[in-house]
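Below is one structure, written out as structure tokens, with a few remarks after it.
No lab work stands behind these numbers, since they all come straight from the coordinates. Worth saying up front: this structure is predicted, and the values here are computed from it rather than measured. Positions of Cβ are backbone-derived with ideal geometry, glycine not excepted, and every protein chain shown enters the neighbour counts.
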Amino acid sequence: MKLNALVDALNLETVSGESRLNEEVSAGYVSDLMSDVIAHTSEGNIWVTLQVHVNIVAVASMKGLAGIILINGRKPEDKTLEKAKSENIPILLSGLPAFEVVGRLYRLGVSGMQDA
């Protein structure tokens, strides 16, 4: 599924990386621990988190993630948004809690497993 379809289906606000919204999402992952995300995500994954600091951009860039969904109405810190824009990393905002976002992603066909 393309990232822009997820944005529309989940009514997400896009605050950076708009030019990458036509990319495919291969799977999803939810975690708030950077080391966990580094260890368990793959290129093209969408990451669901409540973290808003600049390190999320570094992790997303390093792993080649499709984007980051921030939950619970959280907004990225100014430095985070600035870095995401400079690295063209999609950051998407949702007012929903992680459980609800992940459930909706799964219902849309985004699995937590690459080959599912």
Would you say Lys2 is of a type in the set (D, E, K, R), closer than 22 Å to Met113 by Cα and buried (at least 17 other Cβ atoms within 10 Å of the Cβ)? no
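Are any residues in the stretch 86-116 of a type in the set (S, T, N, Q) and surrounded by fewer than 18 Cβ atoms within 10 Å (Cβ to Cβ), and if so, which ones?
Of everything in the stretch 86-116, those that are of a type in the set (S, T, N, Q) and surrounded by fewer than 18 Cβ atoms within 10 Å (Cβ to Cβ) turn out to be Ser86, Asn88, Ser111, Gln114.
Per-residue answers, yes or no, for (1) under 14 Å from Leu50 (Cα atoms); (2) assigned to a strand (DSSP E or B); (3) in contact with a helix residue (DSSP H, G or I) (Cβ under 7 Å, 6 or more places away or on another chain):
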{"residue": "Ile68", "(1), (2), (3)": "yes, yes, yes"}
{"residue": "Lys79", "(1), (2), (3)": "no, no, no"}
{"residue": "Glu82", "(1), (2), (3)": "no, no, no"}
{"residue": "Phe99", "(1), (2), (3)": "yes, no, no"}
{"residue": "Tyr106", "(1), (2), (3)": "no, no, no"}
{"residue": "Gly112", "(1), (2), (3)": "no, no, no"}
Since Gly73 meets every condition but one in (1) touching a residue at least 60 places away in the same chain (Cβ under 8 Å); (2) out of contact with any Pro (no Cβ under 6 Å at 6 or more places or on another chain), which condition does it not meet? (1)
